[in-house]
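Worksheet: the structure to be examined is printed underneath.
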Amino acid sequence: MVSTVLLASLLGAIAWTFLEYIIHRWLGHNARARPNPFAAEHVRHHSEGNYFAPSWKKALSAVLFAGALIGPSIALAGVLAGSSFVAGLIGMYVAYEVLHRREHSHPGRGSYTRFLRRHHFHHHFANARSNHGVTTPFWDWVFGTREEPGRIRVPSKLAMSWLVDGATGDVHPEHAGHYELIRKE
Ligand SMILES: [Zn+2]
Ligand SMILES: [Zn+2]
């Protein structure tokens with residue numbers, strides 16, 4: 001029973017990482033899928049840098065999505081496995097929201113979290129057709145959209161607060177190996 005819950009929630013979490021990729025790549029960046037409500041919010045996230053869609057919209061989408069998914073999941077896998085799958089998926093979705101915000105608001109400590117930031121900011125500032133995954137680069141690797149981030153050139157008006165050294169107004173020396181600021185006159 002415990003193993004059913006663990007396995008089904010793990011599968012749900014993995015399913016979210018796949019959805020995260022699909023939603024971001026196709027709803028967010030594929031011209032044929034636009035306009036759509038996700039793309040409208042996502043374009044603002046790209047053009048304003050620190051803009052995130054309002055939490056109520058995210059919570060409402062998550063509730064509607066979980067509501068639509070729970071019936072078929074239980075019908076297919078039973079009450080325990082089906083509801084654990086949905087719980088794992090929604091749990092990972094929440095983790096994604098937290099991680100994405102933190103990527104924009106904090107520099108990250110470990111080498112992997114810093115790698116994930118470079119993966120994401122390469123998407124923002126170098127090539128929006130690459131690196132769609134936020135919690136993992138795995139699906140970019142599977143679908144051939146993973147690009148190794150080089151030195152990322154960040155327009156100064158979109159710079160993350162953690163990137164800029166308050167004293168000099170330039171890139172914090174700690175991050176200068178991976179990022180540079182570009183200023184438009
Ligand atoms: Zn972002
Ligand atoms: Zn994007």
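Say we look at segment 98-110 and pick out the residues that are touching a residue at least 24 places away in the same chain (Cβ under 8 Å) and away from ligand 1 (no atom under 11 Å from the Cβ); which of these is nearest to Arg151 (Cα to Cα)? Spell out how you get there, then give the answer.
In the first step, residues of segment 98-110 are kept if they are touching a residue at least 24 places away in the same chain (Cβ under 8 Å); the result is 99-101, 103-107.
Now drop any that are not away from ligand 1 (no atom under 11 Å from the Cβ), which leaves 106-107.
On the way: His106: 19, Pro107: 16 Å.
Within segment 98-110, the match that is nearest to Arg151 (Cα to Cα) is Pro107.
Could you count how many residues in segment 6-55 are of a type in the set (Gly, Ala, Ser) and exposed (fewer than 14 other Cβ atoms within 10 Å of the Cβ)?
Filtering segment 6-55 down to residues of a type in the set (Gly, Ala, Ser) leaves 8-9, 12-13, 15, 28, 31, 33, 39-40, 47, 49, 53, 55.
Cutting the leftovers down to exposed (fewer than 14 other Cβ atoms within 10 Å of the Cβ) gives us 31, 40, 47, 55.
Of the residues in segment 6-55, 4 are of a type in the set (Gly, Ala, Ser) and exposed (fewer than 14 other Cβ atoms within 10 Å of the Cβ).
Quick one: count up the residues across segment 25-40 that are among the basic types (Lys, Arg) and over 16 Å from Ala53 (Cβ atoms). Don't jump to the end; show me each part of the working.
The initial filter retains those residues of segment 25-40 that are among the basic types (Lys, Arg), namely 25, 32, 34.
Applying the additional criterion that residues be over 16 Å from Ala53 (Cβ atoms) yields 25, 32.
Residues in segment 25-40 being among the basic types (Lys, Arg) and over 16 Å from Ala53 (Cβ atoms): 2 in total.
Hey, can you tell me all the residues within segment 147-184 that are under 18 Å from Gly108 (Cα atoms), in a strand (DSSP E or B) and not β-branched (Val, Ile, Thr)?
Tyr179, Glu180
Answer yes or no as to whether Gly91 is of a type outside the set (A, V, I, L, M, F, W, C), surrounded by fewer than 17 Cβ atoms within 10 Å (Cβ to Cβ), away from ligand 2 (no atom under 16 Å from the Cβ) and closer than 17 Å to Val63 by Cβ.
Taking the combined requirement at face value, the residue satisfies it.
Of all residues in segment 111-159, how many are free of Cβ contacts under 8 Å to residues at least 60 places away in the same chain, within 16 Å of ligand 2 (Cβ to nearest atom), among the polar types (S, T, N, Q) and at negative phi?
Residues flagged as free of Cβ contacts under 8 Å to residues at least 60 places away in the same chain, within 16 Å of ligand 2 (Cβ to nearest atom), among the polar types (S, T, N, Q) and at negative phi within segment 111-159 amount to 2.
When segment 19-53 is examined, which residues are found to be in a helix (DSSP H, G or I), within 12 Å of the chain's Cα centre (by Cα) and of a type outside the set (Lys, Arg)?
So the first thing to find is which residues in segment 19-53 are in a helix (DSSP H, G or I), and the list is 19-29, 31-33, 37-48.
From what's left, within 12 Å of the chain's Cα centre (by Cα): 19-25, 28, 42, 45.
Selection gives Leu19, Glu20, Tyr21, Ile22, Ile23, His24, Gly28, His42, His45.
Quick note: the coordinates plus some simple rules give every number you see, no bench work behind them. Being a predicted model, the structure only gives us computed values, none of them experimental. Because the Cβ atoms are built from the backbone with ideal geometry, glycine has one as well, and the counts that use them run over all protein chains shown.
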